[in-house]
Amino acid sequence: MPHDLLNKRVLITGASRGVGAALAKIMAQRGADIVLNYRSKRPRAEAVAQQVRGFGRRAVLVQADITVQEDVARTMREAGAALGGLDILVLNASGGLERGQAADYATRLNRDAQINLAERALPLMPRGSRIVFVTSHLAHFYGEKPGLPGYEPVAKSKRAGEDELRARIPRLSERGVDLVVVSGDLIEGTITPKLLQRASPRLIEARREEAGGLPTTEAFAGAIADAAGDPTLESGATVYVGSTD
């Protein structure tokens, strides 16, 4: 049975496509109002917003590059003005495999931006709120398990972002806000595995065979929605989606 998200006010980063878009739809079905952050794909974001509104929920579109501090500050102002606060912050947006970016882009996006988002959101979040950090097994287990060619800068920076957020758990707890991490195997149909296949052409097929199947976008999004609303999860808990072997 899905956990109740009725009237929860949710901000999802990277909500115009993939896991973020699927998550927005699922959480709206479960009764949440959604702030949809997107960087550049306005038509896609508008299509997601229409789906959210189709379930009778509020959808707020905010274009922002989360690596830009001023954009993050504006995002929180607009979220607060539209919804009056936030109950759930889903840190879904990540990257670092894009061509043409500076050498430090992965760190700025996957570590620095995540911390900035959490810090800026805190004044909007009442006691009982939750931050959900979305990551991958490749990043969560960075340094403990073998990685993939070309993915190390992303894995390292996302693991650093997770560690920085976990270090803030005592401070978050003082504010009555908890942190939950959701880590997934390679996800069918998402952009990261497709980009990784440039270096490893059989990557998805081989991992699918090794793990006995991979989570779909909808399954991963559903697990994130469950984690966002599960009152039994303690702060610092990690939810694993897909095989960890």
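The values are calculated or read from the model by the stated rules, or taken from the named source; none is laboratory data. Everything quoted here is computed from the prediction, not taken from an experiment. Neighbour counts are summed over all protein chains in view; Cβ atoms, including those assigned to glycine, are modelled from backbone coordinates with ideal geometry.
Results, tabulated for the structure shown:
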| item | result |
| --- | --- |
| Top-ranked residue of the stretch 35-58 - restricted to ones that are assigned to a helix (DSSP H, G or I) and of a type in the set (A, V, I, L, M, F, W, C), ranked as surrounded by the fewest Cβ atoms within 10 Å (Cβ to Cβ) | 47 |
| When residues of the stretch 109-130 are limited to those that are of a type in the set (Gly, Ala, Ser) and in a helix (DSSP H, G or I), the one surrounded by the fewest Cβ atoms within 10 Å (Cβ to Cβ) | 118 |
| Count of residues meeting criterion [more than 15 Å from residue 139 (Cβ to Cβ), in a loop (DSSP other than H, G, I, E, B) and in contact with a strand residue (DSSP E or B) (Cβ under 9 Å, 6 or more places away or on another chain)] in the stretch 83-105 | 4 |
| Residue list for the stretch 189-203, filter: hydrophobic (A, V, I, L, M, F, W, C) and either in a helix (DSSP H, G or I) or without any contact (Cβ under 8 Å) to a residue 12 or more places away in the chain (or both) | 191, 195, 196, 203 |
| Residue 132 of a type outside the set (Phe, Trp, Tyr), under 17 Å from the mean Cα position of the chain (by Cα) and either modelled with pLDDT of 95 or more or over 15 Å from residue 92 (Cβ atoms) (or both) | yes |
| Count of the stretch 204-237 residues which are touching a residue at least 40 places away in the same chain (Cβ under 8 Å), on the phi < 0 side of the Ramachandran plot and surrounded by 13 or more Cβ atoms within 10 Å (Cβ to Cβ) | 16 |
| Check on residue 61, in contact with a helix residue (DSSP H, G or I) (Cβ under 6 Å, 6 or more places away or on another chain), surrounded by 22 or more Cβ atoms within 10 Å (Cβ to Cβ) and within 23 Å of residue 190 (Cβ to Cβ) | no |
| Qualifying residue in the stretch 85-102 (condition: of a type in the set (D, E, K, R), closer than 19 Å to residue 180 by Cβ and under 18 Å from the mean Cα position of the chain (by Cα)) | yes |
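Each row is one residue, and each column tells you yes or no for (1) farther than 23 Å from residue 223 by Cα; (2) charged (D, E, K, R); (3) buried (at least 21 other Cβ atoms within 10 Å of the Cβ).
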residue	(1), (2), (3)
88	no, no, yes
99	yes, yes, no
107	yes, no, no
132	no, no, yes
136	no, no, yes
142	no, no, yes
149	yes, no, no
156	yes, yes, no
